[in-house]
Structures are given as structure tokens and as C-alpha cells.
Amino acid sequence: RRGSSGWTLRVTGERGHSSQVFGDKYGAGAIFETARILADFYDEVRGEEYLTFNPGVILGGSDVSFDEAESGGSASGKTNVIAQTVVVDGGLRFISGDQEERARDAMRRVVERHLPRTSADISFEDGYPAMPPNDGNLELLGVLRGGHLVRRVPRGWPGRSGTRGRRWPHDRGSRGLELASYRGETGGSPHPPSHEGGERPMICLSFLAVDQTNQASASVSTAI
């Protein structure tokens with residue numbers, strides 16, 4: 001399962017009459033700088049397997065009001081005024097903590113470059129960690145398919161890690177399961193005290209049971 005985190009890009013430029021855009025006094029403006037950054041994200045950060053990033057909301061103009069909690073807001077401007085402010089709110093998905101950090105570093109490098117008379121800053125917000133595929137997961141899956149713990153494993157399971165987000169799309173009215181082996185990639189370790197600092201990962205096994213009316217569910221986690 002891929003992890004997810006958020007990012008917010010804030011860009012500023014010099015406000016002035018559009019007849020002077022690209023000149024020494026006012027430069028390129030915030031919207032042109034934002035367009036450059038997003039285009040460079042596409043050209044330079046995109047490409048690794050499982051890695052995706054998406055700008056979900058963009059607001060730009062002479063005056064911008066952005067509500068982080070709602071991921072939305074308002075913007076106003078005029079066609080003859082160089083835009084002063086842009087805010088972009090986006091998401092990032094990754095298959096491991098290392099991939100997340102590589103993507104963040106690459107995005108920071110893009111943002112550090114500036115068109116004339118502009119500035120920009122990008123911040124990141126941790127979401128939930130990635131659970132990369134590994135041999136331990138596949139071995140445990142073999143045990144489960146052998147009928148030791150459950151009667152049925154969904155067809156096509158496991159699927160490609162890049163095709164799903166936080167939840168596995170179980171068939172309605174059937175039994176399914178989701179498992180992962182990971183070592184706590186957001187700082188707070190998922191390990192019990194006896195595993196702190198050790199090499200043995202924690203294996204979390206979640207069993208989802210849904211009846212025909214979609215009423216019943218249960219889950220359990222255990223350390224192996």
C-alpha cells in the first residue's frame with residue numbers, strides 16, 4: 001500500500017501594471033512562477049514507479065484567501081495587474097519512506113529556483129506511511145491461502161501497490177484481508193516495546209468480514 005502526504009506551495013511576485021510584466025522592476029509575477037514550478041515538477045520529479053503527486057487546488061491573483069482546513073478559498077485579480085500571490089495545495093503518494101524523501105527533496109530543488117522578482121516556498125504535511133511489498137508479506141499470504149486462517153482470499157490479491165490508496169477495494173458481500181509488514185516510517189514506531197530497535201518487523205494483519213448487508217467487520221493486529 002502506498003503512503004500519502006500533503007504539500008502546499010506558496011508563491012509571491014511583485015504587483016504592478018501588466019504593461020511592465022517581464023521587466024526589471026516587476027519581473028514575471030506569481031502565476032508565471034507557479035506555472036514554471038508545476039511544469040518542472042512534471043518534468044523532473046515524475047518518473048519513479050509508484051510515485052505520484054497531484055496539485056488539487058490552485059488559487060492565484062492580486063488577492064488570495066486560502067483555508068487550509070477546507071483546502072479551498074477565493075482569489076481575485078485583474079487582467080491588467082501582475083499577480084502577486086498563488087497558493088497550490090496538493091498530495092503525494094509513495095511506496096516507501098525513502099521514495100517520499102527523494103520526491104520531497106526534488107520538489108524543494110525545483111522551488112528554490114526563481115523567475116525574476118518572485119519567491120516561493122513549499123511545505124509538507126505527513127499523512128499515513130507506506131507499506132511496501134516484501135517477501136514476508138507474500139510468505140504470510142501463502143499461509144493464508146493454505147486455509148490455515150481464512151476460507152477465502154480475494155481473487156487477484158495482492159494487487160499492484162500503485163493501484164490503490166489507503167483502503168483495499170474488497171468485493172461487497174465477500175471476505176477479504178489486508179496485511180502489511182513495516183517499521184513505522186513517520187517517527188512513531190508501530191512496534192511493541194520488545195521490538196524497539198530490533199530487526200524483526202511488526203506484521204499487522206487486518207481481517208475484514210462483510211456480510212450481505214455490509215454490517216459486520218472486525219480486525220486484529222499482532223507482532224510476529
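The values are calculated or read from the model by the stated rules, or taken from the named source; none is laboratory data. Being a predicted model, the structure only gives us computed values, none of them experimental. Please note: Cβ atoms are built from the backbone with ideal geometry, for glycine as well, and neighbour counts cover all protein chains shown.
Of all the criteria given as (1) over 23 Å from residue 44 (Cβ atoms); (2) touching a helix residue (DSSP H, G or I) at 6+ places or on another chain (Cβ under 8 Å), the one not satisfied by residue 120 is (1). Somewhere in the range 19-26, is a residue of a type in the set (Gly, Ala, Ser), surrounded by fewer than 16 Cβ atoms within 10 Å (Cβ to Cβ) and part of a helix (DSSP H, G or I)? Looking through the range 19-26, at least one residue is of a type in the set (Gly, Ala, Ser), surrounded by fewer than 16 Cβ atoms within 10 Å (Cβ to Cβ) and part of a helix (DSSP H, G or I). Can you pull out every residue in the range 75-103 that is in a helix (DSSP H, G or I), free of Cβ contacts under 8 Å to residues at least 60 places away in the same chain and not hydrophobic (A, V, I, L, M, F, W, C)? Within the range 75-103, 98, 99, 101, 102 qualify.
Residues satisfying the criterion are absent from the range 6-25 (criterion: free of Cβ contacts under 8 Å to residues at least 60 places away in the same chain and more than 18 Å from residue 119 (Cβ to Cβ)). Exactly one residue out of 46, 36 is among the charged types (D, E, K, R) and closer than 19 Å to residue 5 by Cα: that is 46.
Screening the candidates 70, 44, 14, 33 for the property of being farther than 22 Å from residue 131 by Cα, modelled with pLDDT of 95 or more and not in a helix (DSSP H, G or I) yields one hit, 14.
For every residue, the table says whether it meets (1) more than 18 Å from residue 124 (Cα to Cα); (2) under 25 Å from the mean Cα position of the chain (by Cα); (3) crowded, with 17+ Cβ neighbours inside 10 Å.
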site: 17; (1), (2), (3): yes, no, no
site: 39; (1), (2), (3): yes, yes, no
site: 45; (1), (2), (3): no, yes, yes
site: 54; (1), (2), (3): no, yes, no
site: 62; (1), (2), (3): yes, no, no
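The rows are residues; the columns are (1) modelled with pLDDT under 95; (2) of a type in the set (A, V, I, L, M); (3) under 18 Å from residue 40 (Cβ atoms); (4) surrounded by 21 or more Cβ atoms within 10 Å (Cβ to Cβ).
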{"position": "83", "(1), (2), (3), (4)": "no, yes, no, yes"}
{"position": "98", "(1), (2), (3), (4)": "no, no, no, no"}
{"position": "107", "(1), (2), (3), (4)": "no, yes, yes, yes"}
{"position": "112", "(1), (2), (3), (4)": "no, no, yes, no"}
{"position": "115", "(1), (2), (3), (4)": "no, yes, yes, no"}
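Residues in the range 51-71: is at least one touching a residue at least 60 places away in the same chain (Cβ under 8 Å), aromatic (Phe, Trp, Tyr) and in contact with a Lys or Arg (Cβ under 8 Å, 6 or more places away or on another chain)? No, every residue in the range 51-71 fails to be touching a residue at least 60 places away in the same chain (Cβ under 8 Å), aromatic (Phe, Trp, Tyr) and in contact with a Lys or Arg (Cβ under 8 Å, 6 or more places away or on another chain).
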